[in-house]
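A short worksheet on the structure shown next.
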Amino acid sequence: MTDKIGDENSEHQNSIRCISLAKGRESSSNYQRRPTEGWIKMNTDAAVDIVDDQAVVGCVFHLDQGDWLFGSSRSTGNCSVLNARLWAICDALRRA
């Protein structure tokens, strides 16, 4: 199940993506490791726009061969970085 961010949030989504890329989080080698054989790996992430505190959270699940199983993302509205990260974890655990 994938939730889409509406067009009204596309400006926020673009600015959030720029901030995440500027911090180099996209290239972290931790995101590239496959799970142990027989396991499913869950990754979560969150980003908050520093101008108006609008947040986007997401999660991705991978099989042990590295294949993408499913993922989702959504806007959480106005919240802190800590709350956004916690929302990402809660969303992922609900889908697990």
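Any read-out appearing in this document is the output of simple, stated calculations on the displayed coordinates, not a laboratory observation. Note that the coordinates shown come from a computational prediction; the quantities given were computed from them, not determined experimentally. FYI the Cβ positions are ideal-geometry reconstructions off the backbone, even for glycines, and counts take in every protein chain you see.
How do Val51, Val60 line up, fewest other C-beta atoms within 10 Å first?
Numbers: Val51 9, Val60 17.
With the sparsest Cβ surroundings first, the list reads Val51, Val60.
Just subtract the alpha-carbon distance of Val51 and Trp39 from 0.36 nm times their residue separation and send over the number in nm, one decimal.
Working: separation 12, 0.36 × 12 = 4.32 nm, distance 3.89 nm.
Using 0.36 nm per residue and subtracting the Cα-Cα distance, I get 0.4 nm.
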